[in-house]
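Everything on this sheet refers to the single structure shown next.
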Amino acid sequence: MKIDAIYSFNNGNSVIKESYSNELNEILSAIKSIDASKFKTKISKEKTSLGKMLYSPVALNKELKKILNPLGWKELKHEAIYSSDNPDISDTLAHREMDFVKNEVGVEVQFGKYAFMAYDICSKMPIFKNKGYIEVGIEIVPMKAFAKYMSTGVSYYEQITWDLENRGVSNLDIPVIVIGIDAD
């Protein structure tokens with residue numbers, strides 16, 4: 001795969017390059033080492049593209065794990081207990097998870113629906129920072145040209161960068177870079 005664009009949110013580019021350059025280089029190398037053509041394996045069942053071969057987000061994620069896990073990048077789960085003041089409702093045990101964490105860097109690979117990109121950057125990453133797991137974040141998303149060859153509704157780089165640019169930075173936000181990827 002190739003890296004088409006990198007967007008710096010809340011000074012993410014300079015903070016990550018200055019303090020986490022080794023981790024960033026591992027992520028960039030992992031992305032570049034993947035031959036995307038091997039993962040165009042999903043046969044569409046959607047009405048608008050029935051039978052069309054699409055890139056498989058699940059297979060792409062697995063390939064990234066295969067490359068990054070031996071380098072010390074691990075999935076991280078944090079328990080979340082939802083409580084209720086109503087005595088008739090028991091507490092609910094759930095969790096939040098991050099795709100990869102290493103040396104205070106959190107990475108999310110997002111080939112899902114649009115809302116999940118904003119959730120990753122504006123909610124999940126600040127939560128993981130508040131819990132002491134990460135200091136900075138990296139969000140890996142497809143470019144629009146790549147997303148066209150995935151399932152309908154997959155979010156893309158141009159969407160999230162426009163939103164972040166127009167939203168502005170909050171005092172809750174952490175330094176993040178958004179990496180826009182495409183097939184070779």
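Using only the Cα atoms of the stretch 100-184, what are the Rg and Dmax in Å?
Spelled out, the Cα radius of gyration and Dmax of the stretch 100-184 are 12.8, 37 Å.
Could you pull out every residue, at least 5 positions away or on a different chain, whose amide H is within less than 5 Å of the one on residue 135? Hs are placed 1.01 Å off N in the peptide plane, and Pro or chain starts have none.
105, 106
Taking each full run of DSSP H in the chain as one helix, which ones are at least 18 Å long along their axis (Cα atoms) and have mean Kyte-Doolittle hydropathy of at least 1.6?
Both cut-offs are met by no helix.
With an 8 Å cut-off on Cα pairs and a minimum separation of 6 or more residues, tell me the relative contact order of the chain in percent.
31 percent.
Volume per residue, Å³, of the convex hull around the alpha-carbon atoms of the chain?
Each residue corresponds to 144 Å³ of Cα convex hull volume.
What is the percent carbon and sulfur in the accessible area of the chain, measuring with a 1.4 Å probe over the protein chains and ignoring ligands?
Accessible surface attributable to carbon and sulfur in the chain totals 51 percent.
Using 7 Å Cα-to-Cβ label points, what is the residue 53/residue 69 separation (nm, one decimal)?
2.7 nm
Find the lysine pairs in the stretch 88-184 meeting two conditions, Cα atoms under 28 Å apart and a separation of 8 or more places or different chains, and report how many there are.
Taking the stretch 88-184 as the scope, the lysine pair count is 11.
The values are calculated or read from the model by the stated rules, or taken from the named source; none is laboratory data. Every value quoted in this text rests on a predicted model; they were computed, and no experiment measured them. Note that we place each Cβ from the backbone using ideal geometry, even for glycine, and neighbour counts take in every protein chain shown. What goes into the accessible areas is simple: the full protein's heavy atoms, side chains included, and nothing from ligands, DNA or RNA. Shrake-Rupley method; radii C 1.70, N 1.55, O 1.52, S 1.80 Å.
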